[in-house]
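Engineer: One structure, as structure tokens, below. Some questions next.
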Amino acid sequence: MNEKVLIVEDEMLVALDLEDMVKESGMKVVGIANNMERAMQAAPLADIAFVDVNLSDGATGPAIGQMLAEKFGIAVIFMTANPEVVAQGVSGTLGVVTKPIAPRVVEQSLRYAMRRRAGQLATVPAEMQVFVA
């Protein structure tokens, strides 16, 4: 697994914890962004992104996720304590997991995103709410 992961999260301790989990899953973190501007700067480097809904510049996560997916072809998974905010789905994105997130769920979510990005069948993690494509 050599996928590159972007973490879009404004709580630094949460972001660093997630970074460790991503690395333990065998993938590389290409950046941590806390707002839309930083996420767009790092986007060309990423294959997969975990995106929180509420960031330092407001509730911009859904818009960021849609842009990452549609403009950059990134497999986007939302990770939020408020999954109901994106429960109706966000165009181009894969789904949502609820924080706090366990290392096993991070690894399963990354594997799911990687397989979906490759156009392969993928097992949906039990903790993920998948959006209708």
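FYI, it's all coordinate maths here, none of it is from the lab. The model shown is predicted, which means the values in this text are computed figures rather than measured ones. Virtual Cβ from ideal backbone geometry, glycine too; neighbours counted across all protein chains shown.
Engineer: Confirm whether G61 is touching a residue at least 24 places away in the same chain (Cβ under 8 Å), surrounded by 14 or more Cβ atoms within 10 Å (Cβ to Cβ) and of a type in the set (G, A, S).
Structural biologist: yes
Engineer: Let me ask something else about it. I'd like the full set of residues that are in a loop (DSSP other than H, G, I, E, B) and touching a helix residue (DSSP H, G or I) at 6+ places or on another chain (Cβ under 8 Å), limited to region 101-125.
Structural biologist: I101, L121, A122, T123, V124, P125
Engineer: Taking the options F72, F131, name whichever one is of a type outside the set (S, T, Y), in contact with a Leu (Cβ under 9 Å, 6 or more places away or on another chain) and either surrounded by fewer than 18 Cβ atoms within 10 Å (Cβ to Cβ) or without any contact (Cβ under 8 Å) to a residue 60 or more places away in the chain (or both).
Structural biologist: Step by step, each of F72, F131 is checked, and only F131 is of a type outside the set (S, T, Y), in contact with a Leu (Cβ under 9 Å, 6 or more places away or on another chain) and either surrounded by fewer than 18 Cβ atoms within 10 Å (Cβ to Cβ) or without any contact (Cβ under 8 Å) to a residue 60 or more places away in the chain (or both).
Engineer: Within region 71-83, does at least one residue satisfy the condition of being assigned to a loop (DSSP other than H, G, I, E, B), within 13 Å of the chain's Cα centre (by Cα), farther than 13 Å from A15 by Cα and among the aliphatic types (A, V, I, L, M)?
Structural biologist: Yes, the conditions are met somewhere in region 71-83.
Engineer: Here's another thing I want to ask about it. Checking the conditions here, which among A87, A126, A122, A118 is touching a Lys or Arg at 6+ places or on another chain (Cβ under 8 Å) and either exposed (fewer than 14 other Cβ atoms within 10 Å of the Cβ) or without any contact (Cβ under 8 Å) to a residue 24 or more places away in the chain (or both)?
Structural biologist: Just a single option satisfies the conditions, and that option is A122.
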